[in-house]
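Read-outs: derived from the displayed coordinates by stated rules, not from any lab. Nothing here was measured: the structure is a model prediction, and the numbers come from that model. Every residue, glycine as well, gets a Cβ built from its backbone with ideal geometry; the counts of neighbours run over all protein chains shown.
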Amino acid sequence: MAYDEGLAQLMRDDLAGEEVSERRMFGGLAFLLNGHMLCGVHRGGAMFRVGKPNEAAALAIPGAAPMMFTGKPMGGMVDFSDEATADDALRGKVMALALSFVKSLPPK
């Protein structure tokens with residue numbers, strides 16, 4: 001398994017009231033809301049789709065960094081370290097930003 005199942009379970013618990021689906025992607029596990037990627041876990045931590053409007057606020061949270069893909073930053077996505085993902089308060093802040101953004105998108 002390429003990701004920490006304990007972190008995945010924390011995120012499942014955070015999303016218990018939401019109708020999310022799970023999909024294995026890129027060696028990790030992604031959580032989708034209304035067909036849109038919301039967040040996911042991977043080796044070394046997690047990623048959150050906060051959207052470009054929330055990106056600066058998300059990056060101000062300790063443990064957050066720009067999400068890199070093929071050496072380039074992915075706008076609107078942040079990477080979260082293992083330690084930050086395990087912290088309920090920090091994870092809750094970035095999850096709230098991700099939920100507010102993804103809920104604003106039309107369902108796929």
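Here are the numbers for the structure shown:
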item	result
Point-to-point label distance, residue 69-residue 5, nm (Cα→Cβ direction, 7 Å offset)	2.8
Environment charge at residue 104 (Cβ cut-off 15 Å; Lys +1, Arg +1, Asp -1, Glu -1)	+2
Extension gain, residue 59 back to residue 26 (0.36 nm per residue minus Cα-Cα distance, nm)	9.6 nm
Gain upon complete extension [residue 81, residue 104; 0.36 nm per residue less C-alpha separation]	5.7 nm
Packing-based exposure ordering (other Cβ within 10 Å, fewest first) of 68, 11, 37	68, 37, 11
Neighbour count of at most 16 Cβ within 10 Å plus DSSP loop: longest GluC sites (Glu not before Pro)-free window in the chain	20-108
Local electrostatic count at residue 58 - Lys and Arg +1, Asp and Glu -1, tallied over other residues with Cβ under 11 Å	+1
For segment 85-90, Karplus couplings with θ = phi - 60° (6.51, -1.76, 1.60), whole Hz, Gly/Pro x	5, 6, 7, 4, 5, 5
